[in-house]
1. Restricting attention to the range 5-15, which residues are more than 12 Å from Ala195 (Cβ to Cβ) and at pLDDT 95 or above?
2. Considering only residues of the range 242-265 that are closer than 15 Å to Leu209 by Cβ and modelled with pLDDT of 55 or more, which is surrounded by the fewest Cβ atoms within 10 Å (Cβ to Cβ)?
3. List the number of the failed condition for Ile60; all other conditions in (1) assigned to a helix (DSSP H, G or I); (2) without any contact (Cβ under 8 Å) to a residue 24 or more places away in the chain hold.
4. Among the listed residues Ile19, Ile66, Ile30, which satisfies the condition of being under 23 Å from Tyr243 (Cα atoms), touching a Pro at 6+ places or on another chain (Cβ under 9 Å) and part of a helix (DSSP H, G or I)?
5. Would you check which residues across the range 204-234 are in a helix (DSSP H, G or I) and of a type in the set (Val, Ile, Thr) and list them?
6. Suppose we filter the range 5-16 for residues that are touching a strand residue (DSSP E or B) at 6+ places or on another chain (Cβ under 9 Å) and surrounded by 24 or more Cβ atoms within 10 Å (Cβ to Cβ); how many remain?
7. With the structure loaded, tell me whether Glu8 is over 21 Å from Asp191 (Cβ atoms), in a loop (DSSP other than H, G, I, E, B) and in contact (Cβ under 8 Å) with a residue 12 or more places away in the chain or whether it fails that test.
8. What are the residues in the range 235-246 that are more than 19 Å from Ser105 (Cβ to Cβ) and assigned to a loop (DSSP other than H, G, I, E, B), if any?
Amino acid sequence: MLELYQFELSQYSEKVRFILDYKGLEYRKIEVTPGIGQVELFRLTGQRQVPVLKDGSRYIADSTEIAKYLDLQYPERPLIPTDPKKRGLCLLIEEWADESIGVKSRKALFSAISQNQDFRKSLLPTTTPDVLKTLVEGVPNDILRVLGLGVGYSPDAIRNAIADLKQDLEALTLLLADSPYLVGDEPTLADFAVAGLSLLLKFPEGAYLDLPPAIRGKGVPGLADNPIYAPFFAWRDRLYLQYRRLPTSSTTTGNPSAPTSIRIE
């Protein structure tokens, strides 16, 4: 069985999960513990970032490279069109989504959780002990803002990211106004990239992730609840219903949406 080394709330991991589900491939989610788990991942793959896909004895890093690998090794339900213009557009949108929505959505979500303690607590996995939930909820907003400065999330950077995301969502809404997908009449890598990378802007309604039910369908204020972008999120939610599988006991243990807990060897 394929194994996906991931963070549950990584939007790049969600992009790969979307692709695996679309292709109908069975896989096991392996949550990489930040810190020590990333050291082990580096020992195995030469890099610390997720997602990483393991297929047999082979490790494939980076969500785009994973998508290309899966299309080559598991060609049913292809992701990348063969028509030259559609192929070019598909790859262009996928790369843009990685660098725009994928990067800026982190800043937008950070802004939301630094301002709302309840939202911050709700993002913790359902298996998080109550004592840790209380600790996280009690972190002062000012401390989070200082931590944000340390990773480049200044007020100006956050404000600019949210402004860019508003333009991105408007553009996507317009592109999808009279088309079921971003490139032609069939879903492509472009669709799953955009849908998966928008994870942090608004969480899906269904139990696709190890998150409390209260957070499902919620997201960044001003983006997730803006009626202007409602058609985009409706399109995104339709992709979830059509192509994203709900976890089952065959792919998870305990909580049906929780990643499988195994040791990296």
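1. Listed by number, the residues that qualify are Tyr12, Ser13.
2. Of everything passing the filter in the range 242-265, Thr248 is surrounded by the fewest Cβ atoms within 10 Å (Cβ to Cβ).
3. For Ile60, the exception is condition (1).
4. Just one listed residue meets the conditions, Ile66.
5. Across the range 204-234, the qualifying residues are Ile215, Ile228.
6. 4
7. Yes, satisfied.
8. Of all residues in the range 235-246, those more than 19 Å from Ser105 (Cβ to Cβ) come to 238, 241-243, 245-246.
Answer for the range 235-246, where residues must be more than 19 Å from Ser105 (Cβ to Cβ) and assigned to a loop (DSSP other than H, G, I, E, B): Arg245, Leu246.
The values are calculated or read from the model by the stated rules, or taken from the named source; none is laboratory data. The shown structure was predicted, so the numbers you read here are calculated from the model rather than taken from an experiment. Ideal geometry is used to build each Cβ from the backbone, glycine not excepted, and the neighbour counts take in all protein chains shown.
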